[in-house]
1. What whole number of Å gives the distance from the Cα centroid of region 475-551 to the Cα centroid of region 1-56?
2. If the cut-off is 26 Å between C-alpha atoms, which lysines fall inside it for Lys301, apart from same-chain ones fewer than 8 positions away?
3. Would you work out if region 547-615 is rounded, prolate or oblate? Take a ≥ b ≥ c from the square roots of the eigenvalues of the alpha-carbon gyration tensor; rounded if a/c is under 1.5, else prolate when a/b is larger than b/c, oblate otherwise.
4. Using only DSSP helix segments of four residues or longer, with each worth -39500 (n - 2.57), what per-residue ellipticity at 222 nm results for the chain after dividing by its residue count and rounding to 500?
5. Rounded to the nearest Å, what's the spacing between the alpha carbon centres of region 300-323 and region 422-436? Just the number, please.
6. With +1 on the Cβ of every Lys and Arg and -1 on the Cβ of every Asp and Glu, and nothing else charged, how large is the dipole of region 85-220 about its Cα centre, in debye rounded to the nearest 20?
7. Count charges around Thr260 for me, please; just the other residues with Cβ under 13 Å from its Cβ, Lys/Arg as +1, Asp/Glu as -1.
8. Using DSSP to call loops (not H, G, I, E or B), can you name the trypsin sites (Lys or Arg not before Pro) in region 108-183 whose Cβ has at most 14 other Cβ atoms within 10 angstrom?
Amino acid sequence: MTTDQDLAELGQQFRVDAVRATSHAASGHATSSMSAADLMAVLLARHLRYDFDWPDHPGNDHLILSKGHASPLLYAAYKAAGAITDEELMTFRASGSRLEGHPTPRLPWVDVATGSLGQGLPVGVGIALAGRRLDPMPYRVWVLCGDSELAEGSNWEAFEHAGFEQLSNLTLVVDVNRLGQRGPTRHQWDLDAYARRADAFGWHTVEVDGHDPAAIDAAYIEAAGVTDRPTVVLAHTQKGRGVSAVQDREGMHGKPVPDTDEAIAELGGVRDLRIEVERPAATTAPRQAHGVHADLPRWSKGEKVATRNAYGEALAAVGADRGDVVALDGEVSDSTRSEFFAKQHPDRFFECYIAEQELVATAVGMQVRGWTPFASTFAAFLTRAHDFIRMAAVSRASLSLAGSHAGVAIGEDGPSQMGLEDLAMFRSVHGSTVLYPCDGNQTAKLVAAMADGGGIRYLRTSRGGSPVIYGPDEEFPVGGSKLLRSSDEDRLTVVAAGVTVHEALTAADRLAADGIRVRVLDLYSVKPVDAHALLEAAEATGCLLTVEDHRPEGGIGDAVLDAFTDGRPVPRLIRLAVETMPGSASPEEQLRDAGIDAAAIVAAVRRQLDEPTVA
């Protein structure tokens, strides 16, 4: 396609196809697709370098539709590129179709799921950063977003990060169509307002008429010529462009046009233009290692080590063995101990500063490029990034997250620093793995396992030192548990993980001194949970007591309960968890005040055994 008129015709085709797809589905965002049609047409026909027959080509550009509700536009572009047929386009939003209401990697040309606004640019930063610092490649990252989503703070975390890193291989195209879902956006068509903000973050800015193919083309050329900073193209557009019944009209968001035939006629009729998207230059894919054969750190039984320290040392060891492993942190690497990795592998360590949404988004972007990211911060602060974690699961992403300073056991810092909801948060994520080790050797083995895992993997670590109770050659399969105390005389099973394992062992020893035998189960794999071990314990002892440094909702107690949802009789269950609002106190005082220390476990066991059995 060589002429501007050809590009204008392609834009009209995209509008018609958006109208057709949404009308056939009787739902969808036609007007949001129509505003950005010319922006997409010029990009696809003249600037994108992509091999649709080889989606994993290492030299492919990356196109992220951050305004995922405009998916009809993306699918219309795929049709024009020959990636999908018109018949498939008409399956938009149908059950079983790859063309979902918002794009997901069910389509091989979609890197990440979008639709939760404010995520496309942050993830794009991660992809661009990988192409700049990890595997230098000539690809460009294109992100198309809407003006409404620029109200999201995550976008400004991304603006600052990209500007600081001078990511000239990143171009953001903003469809400034003035109208959001319920009415005008904050700045409407004031392109200068957006330009001033972007410029303050170190971006090159270009303002353009978003319906002028020649001007759009010039803007993209200008962006490619900028070598010291990212570029944002701010395009003045009209929502519902080309159809008078919906153009720049409020109340038309998220709906098909009122009269399909009339709209198609006004747009000049159905077209079937095909374009040959230019393929990327040949390049060599970076070598990616698989399997962990690292010499992991080892501790002798009885040594005292914090699991956060074990995490950092193990991650550094895995990084020495695996060149695909990268580490990211939110300016607390001296606390999470990812600094051990940073010191040994500075070229693969990324400081994301106190911007947890960008931290997770950068990790998601890097795994798009085949890297194996480990991102860490305080467990409490990962809650800020929950939506990014949730969407990472929708994206079929593979990444590891480590949350340190979990629970009241951190001590004097107080409740703002305590991760007390993190197990519930990560357990609720689709396909996630949730691990909570209690000693150094267990932590090291689980870190190695995470490097080869899939989906969203979470490791919960503790601030204070705890005695090593497992030998360095012990194995800890994901989905397993460890039986630490057992006998034929056990009257109850205490189920614990992390710091409460040590409290449970102390309690068991105190009870044994009084002739009361209890079983102790280390449930280090909170998800998937070892249902078989729990069923055996329930059958043997008749009662399970869970103790956890976490809120009662969604944590270890609920994980244990899930093992009994197959219709079998449910044993008697007792739950000890943090139900108070902690203040500042020593770790020992915190565990006592929360009612989850050894004394509380002993008291709970005695209460249970003193109660008469109901016939």
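1. 58
2. Lys445, Lys482
3. Oblate, because a/c is 1.5 or more while a/b does not exceed b/c.
4. Helix contribution divided over all residues of the chain: -10500 deg cm²/dmol.
5. 22
6. Working: 11 positive and 20 negative charges, 71 e Å.
The calculation lands at about 340 debye.
7. Details: positive: Arg15, Arg20, Lys255; negative: Asp17, Asp259, Asp261, Glu262, Glu266.
Net charge in that neighbourhood comes out at -2.
8. Details: sites: Arg132, Arg133, Arg140, Arg178, Arg182; in loops: Arg140, Arg178, Arg182.
In loop regions of region 108-183 (DSSP not H, G, I, E or B), the sparsely surrounded trypsin sites (Lys or Arg not before Pro) are Arg182.
A short reminder: the numbers here are calculations on the coordinates, not readings from a lab. Fair warning: this is a prediction, and the values are worked out from it, not measured in the lab. No Cβ is skipped: glycine too gets one built from the backbone with ideal geometry, and neighbour counts run over all protein chains shown.
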